[in-house]
Amino acid sequence: MSAGWTREQMAARAAQDIPDGAYVNLGIGIPELVAQFVPEGREFIYHTENGLLGMGPQPTEEERDLDLMNAGKKHVTIIPGAAYFHHADSFSMIRGGHIDVCVLGTMQVAANGDIANWSTGAPDAIPAVGGAMDLVQGVKRIFVITQHTTKTGDPKLVEKCSYPLTGPGVVSRIFTDLAVVDVTEDGFRVAELAPGINFEEVREKTGAPILPPK
Amino acid sequence: MINKQYASVAEAVADIPDGATVMVGGFGASGSPIELLHALIDHGATDLTVINNNTGNGEVGLAALIGNGQVSKMICSFPRSSQSKVFPELYRAGKVALEIVPQGTLAERIRAAGAGVPAFYTPTTVGTVLAEGKEVREFNGRPYVMESWLKADFALIKCEVADSLGNLTYNKTARNFSPLMCMAATTTVVQTKTLVDRGGIDPEHVVTPGIFVNRVVEVTQPIHEDVLIAEGRSYP
């Protein structure tokens with residue numbers, strides 16, 4: 001077995017930190033996997049910002065309804081007790097602080113909790129923000145799941161984001177393939193190391209000062 | 001006696017003028033009023049400003065309206081997707097303008113217009129490039145950005161059941177922006193899968209009250225955008 005956590009293990013580790021009964025919004029990509037790893041004895045209710053509370057798993061071909069999708073425009077199902085609502089109500093749940101946890105992917109996250117996950121700022125890029133800026137400002141706790149570095153080995157945990165911000169100072173905890181990292185008043189601090197990973201490796205691959213586990 | 005029924009989608013959009021601002025319901029393919037959009041393509045109004053969360057998919061519906069050169073500006077939160085090709089090409093060629101608005105702010109600006117509230121403060125975009133040039137004010141020690149209402153001349157909406165007074169219900173997540181857009185447009189045009197007489201919808205189940213709706217057209221077998229794209233169709 002190679003060292004570090006897989007995508008599924010990162011998602012499972014994040015799920016451990018979501019309390020029973022939480023209303024949860026999951027971003028696209030690895031965050032979607034969190035729903036597969038709900039700890040025994042807990043229930044999470046999933047919100048999807050296009051207008052559904054009580055989102056269930058992907059449908060079978062027979063179950064599929066073209067008018068029932070999530071914010072990533074994938075077809076979904078509902079659980080008993082689900083509710084539909086329009087966008088103003090949906091974003092009232094977000095901005096009004098009614099959603100407990102949001103799990104997002106990211107391009108960069110900074111030591112002060114800044115997150116940049118909507119645009120590279122490249123001149124020819126077509127900007128597309130969706131609900132990301134609403135979520136990071138409104139949801140009570142913002143978790144990030146991300147590989148510790150980019151495909152080319154650049155750190156994604158940085159001193160200061162070079163990409164345009166989605167929101168300043170909003171992230172509380174980061175789950176990477178190498179470690180669980182908290183954003184504290186003193187900057188990044190490792191809360192937990194993945195199996196087979198030592199602190200020195202995490203420090204080398206982090207683009208900002210980082211404190212060892214307490 | 002009030003009856004908001006129109007005989008055809010063509011009649012229902014016939015007076016949309018060049019230069020109009022048009023809200024289009026839908027989030028991706030769900031709730032997209034394909035028949036009304038195709039009627040607007042046939043009608044031919046140009047220089048439109050269109051408000052929708054996205055910019056359409058494939059070469060049907062909203063994407064076809066843009067591709068037909070009828071749209072000069074899009075106001076949306078997420079203008080690209082795996083199946084959107086028309087808008088990105090025309091945008092890069094400088095043929096259509098873009099105003100990018102966060103999704104929740106877009107919804108609230110539309111709701112505010114319908115509710116008669118000219119502006120509001122939101123935490124969304126604080127500290128980002130999308131707040132540049134906008135008023136920021138502190139409430140209880142936290143900064144908020146001022147955003148203004150967003151109105152339209154027309155709204156094109158798809159619903160599930162309508163009565164002759166314009167009371168509406170929707171299907172699942174096809175509801176999305178539509179109830180807000182019904183409120184915010186001067187003239188709201190609705191295509192419904194089922195049209196019932198007044199009293200045919202339980203008042204407890206009405207999602208959009210008929211006061212926000214001006215025209216209702218029955219389209220009994222609406223084509224879903226996903227189906228058209230899967231079949232590789234284009235319009236016209």
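The values are calculated or read from the model by the stated rules, or taken from the named source; none is laboratory data. What you are looking at is a predicted structure, and each value in this text was computed from that prediction instead of being measured. Neighbour counts run over all protein chains shown; Cβ positions are idealised from the backbone, glycine included. For the accessible areas, the whole protein counts, side chains as well, though only heavy atoms, and no ligand, DNA or RNA atoms are used. Shrake-Rupley method; radii C 1.70, N 1.55, O 1.52, S 1.80 Å.
Things worth noting here:
- Residues being open to solvent by 40 Å² or more (accessible area, probe 1.4 Å), within 14 Å of chain A (Cβ to nearest Cβ) and polar (S, T, N, Q) - total across the range B:207-236: 1
- Residue count for the range A:9-51 satisfying the condition of being out of contact with any strand residue (DSSP E or B) (no Cβ under 7 Å at 6 or more places or on another chain), open to solvent by 50 Å² or more (accessible area, probe 1.4 Å) and away from chain B (no Cβ under 14 Å): 11.
- Candidate set from the range A:61-98 (those that are among the β-branched types (V, I, T) and more than 10 Å from every other protein chain (Cβ to nearest Cβ)); member that is nearest to B:I34 (Cα to Cα): A:T77
- Taking the listed residues A:I126, A:I197, the one that is more than 14 Å from chain B (Cβ to nearest Cβ), more than 22 Å from A:E32 (Cβ to Cβ) and over 16 Å from the mean Cα position of the chain (by Cα) is A:I197, with no other qualifying.
Per-residue answers, yes or no, for (1) facing another protein chain (nearest Cβ under 10 Å); (2) surrounded by fewer than 20 Cβ atoms within 10 Å (Cβ to Cβ); (3) of a type outside the set (V, I, T):
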| site | (1), (2), (3) |
| --- | --- |
| B:D163 | no, no, yes |
| B:A174 | yes, no, yes |
| B:K193 | no, yes, yes |
| B:H205 | no, yes, yes |
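- Test: residue in the range B:105-116 that is assigned to a loop (DSSP other than H, G, I, E, B), crowded, with 20+ Cβ neighbours inside 10 Å, touching a residue at least 40 places away in the same chain (Cβ under 8 Å) and among the small types (G, A, S): no
- Qualifying positions in the range B:64-102 - outside any strand (DSSP E or B), open to solvent by less than 10 Å² (accessible area, probe 1.4 Å) and either within 9 Å of another protein chain (Cβ to nearest Cβ) or on the phi > 0 side of the Ramachandran plot (or both): B:S77, B:P79, B:F87, B:V101, B:P102
- Of residues in the range A:143-170 being open to solvent by 10 Å² or more (accessible area, probe 1.4 Å) and in a strand (DSSP E or B), the one nearest to A:A3 (Cα to Cα): A:T149
- Residue within the range A:82-90 that is under 28 Å from A:G4 (Cβ atoms) and assigned to a loop (DSSP other than H, G, I, E, B) present: no
- Restricting the range A:177-188 to residues that are outside any strand (DSSP E or B) and touching a helix residue (DSSP H, G or I) at 6+ places or on another chain (Cβ under 7 Å), the residue that is farthest from A:A15 (Cα to Cα) is A:L178.
- Residues of the range B:212-236 that are over 18 Å from the mean Cα position of the chain (by Cα) and of a type in the set (A, V, I, L, M, F, W, C): B:V227, B:L228, B:I229, B:A230.
Per-residue answers, yes or no, for (1) in a loop (DSSP other than H, G, I, E, B); (2) among the hydroxyl-bearing types (S, T, Y); (3) in contact (Cβ under 8 Å) with a residue 40 or more places away in the chain:
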position	(1), (2), (3)
A:I18	yes, no, yes
A:N25	no, no, yes
A:E32	no, no, yes
A:P39	yes, no, no
